[in-house]
1. Pick from the stretch 112-126 the residues that are in contact with a strand residue (DSSP E or B) (Cβ under 6 Å, 6 or more places away or on another chain) and buried (at least 24 other Cβ atoms within 10 Å of the Cβ): which of them is nearest to Ala269 (Cα to Cα)?
2. What pairs come up if the first residue lies in the stretch 290-314 and is closer than 18 Å to Arg361 by Cα and open to solvent by 20 Å² or more (accessible area, probe 1.4 Å), the second is at pLDDT 95 or above and more than 8 Å from ligand 2 (Cβ to nearest atom), and their beta carbons are under 6 Å apart, counting only those six or more places apart or on different chains?
3. Out of the residues in the stretch 275-289 meeting the condition of being assigned to a loop (DSSP other than H, G, I, E, B) and either of a type in the set (Lys, Arg) or on the phi > 0 side of the Ramachandran plot (or both), tell me which one is least open to solvent (accessible area, probe 1.4 Å).
4. Can you name every one of the strands (runs of 3 or more DSSP E) wholly within the stretch 1-81 that holds 1 or more residues which are within 11 Å of ligand 1 (Cβ to nearest atom) and buried (at least 20 other Cβ atoms within 10 Å of the Cβ)?
5. Would you mind telling me which numbered condition in (1) open to solvent by 10 Å² or more (accessible area, probe 1.4 Å); (2) within 22 Å of Gly644 (Cβ to Cβ); (3) touching an Asp or Glu at 6+ places or on another chain (Cβ under 7 Å); (4) modelled with pLDDT of 95 or more Ser413 fails?
6. Step by step: first the residues of the stretch 86-136, then only those that are under 21 Å from Ser30 (Cα atoms), assigned to a loop (DSSP other than H, G, I, E, B) and among the small types (Gly, Ala, Ser), then the one that is nearest to ligand 2 (Cβ to nearest atom). Which residue is that?
7. Go through the stretch 234-250 and give me each residue that's crowded, with 22+ Cβ neighbours inside 10 Å and acidic (Asp, Glu).
8. Would you call Ser635 surrounded by fewer than 17 Cβ atoms within 10 Å (Cβ to Cβ) and either farther than 16 Å from Thr495 by Cβ or out of contact with any helix residue (DSSP H, G or I) (no Cβ under 8 Å at 6 or more places or on another chain) (or both)?
Amino acid sequence: MSFTVSLERDKTHPSIAVITVDNPPVNAMSIGVPGAIIARLEEAQADREIAGVVLCAGGSGGFAGADIRVQGKAWPEDEPTLSEMVARLENSTLPVAALLRRNALGGGLEIGMACRYRVATPGTQLGQPEVKLGIPPGGGGTQRLPRLTGVQAALDMIVGGDPIDAKKGHDIGLIDALAASDDPVSEAAAYLASQVESGLRPPTRDRSVDGTDPTLFESARTVAARKQRGQLAPLACIDCVEASTTLPFDEGLKFERQKFGECVSSDQAAAMRHAFFAERQIGKVPGLAKNTPVRDINTVMVIGAGTMGSGIAMCFANAGIAVTLVERQQEALDRGLSRIAKTYAGMAEKVRLSSEEAQRRTSLVTGALSVTDGSDCDLVVEAVFEDMDVKKSVFSELASVMKPGAILATNTSYLDVDEIAASTGDRAGDVVGLHFFSPANIMKLMEIVRAERTELEVLASAIALGRKLGKIGIVVGVCNGFVGNRVYSTYVRETEFLLEEGATPSQVDGVLTEFGMAMGIFAVRDLAGLDIGWANRKATAHLRDPVKRYCKIGDTICENGWFGQKTGRGFYLYEEGSRTPKPDPDVDAIISKCAVEGGISQRQISNEEIVERAFDIMVNEGAKILEEGIALRASDIDLAMINGYGFPRWRGGPMCWAGTIGLGTVVARMRKLSETHDFWEPAPLLVRLAEEGKTFADWDRENA
Ligand code: 3HC
Ligand code: NAI
């Protein structure tokens, strides 16, 4: 037992007892904790001198809710559950006030809502994030929150899952008082004592629900179907909140329990728990001690003000870091700076930022035409053309110009970071890859490419920087395309093969979006621009095995000058001013021609085959990447595909998804395909795990 739940009298208000829950690191309601809270409550109730109880969290100060590690597993029958504890708080003979500090999330907020009063310190994050774990709240949140805030605010918090701060909580009736002094416990005790004196109000369960307009639920369902496509939990959340308006409280609770039970044991919830814990692993690198010193990064130079450079500059400005943006020509620099100013102005227009904040961020980026202007920056991120000679000449200049200790990062998508580092001579230890994804100011993924000579301190600094920028920063090794682009390129190749064999772009895209991908592959390629991939294929043509199958559909489309949305044509046709993809008979003709030339007889392709081939191929490449040590964990590969390529989080990423299907099944499918198709030889690691009846999660555990 690593937790304590203590009971003591408040020093300034001795009639008020204080129950403090201390369960590091985040005061989750692990097995035993609810029972201990009930025990302390009973002790307080037995003491005639006590008039009320303040319940608060010790240690980190927050209440992170249910223990996610035990979700989906059996709870010991003789241990009270969170729901039972919550009911005891609400029905307590002594009034209980929750003091909420730092955060009260999920079950943490549900504890608060079952208490008679809620006092919060300013800035405390209040939320029902369960939907992000594939479940509706299960401790009465869907029944109590609408009673406190009204239906619309409850729907927003429960279905969206994003927290609000204590001030907003106070405004909407969730929080009764804000405690701003440096002794919030005594402040909460004083608040409760005053309520006891002036007369207690009824518990939350006895309140009625305001704002019960039934159309709210229908519009919430419509929005969820679009924004949280394919997910069960948002709909369950809406059903539960609706139940709070139609059923008596206890019946509503039962309904919520039933929905919670259905969801918590689902594959979707398991996948989302996997993603949650995967995110908490990302900074952990074997051999990198927790106390490795990190270099301060207060000023940054970004070289190249193109698509990526301007986006990267905004990432830093968003985090309040000053940026020197460098180009070779004034015109290109002006274009980059104006792109940044326009983006921030657009955000201010859409009220996503205040105009002062937009202005502040814009002014954090200043332009320059020489790297010497940024030579005293703590970090430089190079985002010039994807050309080894250009990159090398930039890095050799940086090596001589940058102040000692500056970190030298490249945003290359594919190139060999060891070779780039070598061009800096004795500064190779300062070099690291920081591979941002487009649009860099929006996409969460950042690959941190650890080159052979990258110093541990530089690596640790890059990981810390990723956190500061709010990125999912995954440490990867050097290879062509690192993790994300390497896995993705197999998916791109295989889906093009499917066209050649008889599928259409719209069929493939329809199946992929139905699977849960944010967009279909051909629509994505058209959006990103087909010319970039085409140039890369031409540049790397010499690396291709000439004996292996190669599909020319994408190349042929590009040869026509069709580069996707920006030219109005690509895999699809786009009408003037429209971004809606329309099937293009000319593309169908190109596909048929390529099939004939490739000696491939077209057939009806089933939707199942599309899913299997599109994603099994990702899994196989992922297995190779793991075997080669390019990724540290299968779960890192999952996070890369979720955060960089639109893979549905509720399927946990491709490696997790393969575990749901069963690796044996995946290997059997690959072996069958490999009889007639290139590239389907299953990776040895995949075969071994399948034979041992294991999953990639097992591999991660064994290699942690
Ligand atoms: N259960 C179990 N472990 C948890 C946990 C939880 N609810 N929340 C966090 N942890 C663990 C993390 O896995 C991590 O463990 P590690 O050190 O072994 O890797 C450790 O606590 C610290 O977590 P973070 O690195 O995330 O710490 P931060 O300080 O950055 O963030 C936090 C703290 C904001 C509380 C964040 O951890 C968080 O968002 N936690 C999840 C909150 C949540 O989703 N609660 C709802 C749970 S479901 C529920 O309550 C159901 C109910 O309705 C019945
Ligand atoms: P881009 O062509 O839009 O921008 C490159 C910019 O660098 C141009 O404005 C050019 O004038 C400038 N430049 C070239 N040499 C320079 C020098 N010596 N000094 C200063 N400026 C110089 O290219 P993009 O798309 O921004 O790509 C940049 C890098 O980012 C490439 O390595 C690319 O592989 C990588 N990348 C690109 C992604 C994308 O989706 N476009 C995604 C992730 C990485």
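The values are calculated or read from the model by the stated rules, or taken from the named source; none is laboratory data. Owing to the predicted nature of the structure, the values given are computational and were not obtained by experimental measurement. Positions of Cβ are backbone-derived with ideal geometry, glycine not excepted, and every protein chain shown enters the neighbour counts. Please note that ligands, DNA and RNA were not included when accessible areas were found on the heavy atoms of the full protein model with its side chains. Shrake-Rupley method; radii C 1.70, N 1.55, O 1.52, S 1.80 Å.
1. Across the stretch 112-126, the extreme among qualifying residues is Leu126.
2. From the stretch 290-314, the pairs are Asn298/Asp378; Thr299/Ala322; Thr299/Cys377; Thr299/Asp378.
3. So the first thing to find is which residues in the stretch 275-289 are assigned to a loop (DSSP other than H, G, I, E, B), and the list is 282-289.
Pick out the ones that are also either of a type in the set (Lys, Arg) or on the phi > 0 side of the Ramachandran plot (or both) and you get 284, 287.
Numbers: Lys284: 104, Gly287: 71 Å².
The extreme case among them is Gly287.
4. 52-57
5. (4)
6. Gly134
7. Listed by number, the list holds a single entry, Glu242.
8. Numbers: surrounded by fewer than 17 Cβ atoms within 10 Å (Cβ to Cβ): no; either farther than 16 Å from Thr495 by Cβ or out of contact with any helix residue (DSSP H, G or I) (no Cβ under 8 Å at 6 or more places or on another chain) (or both): yes.
So Ser635 fails the test.
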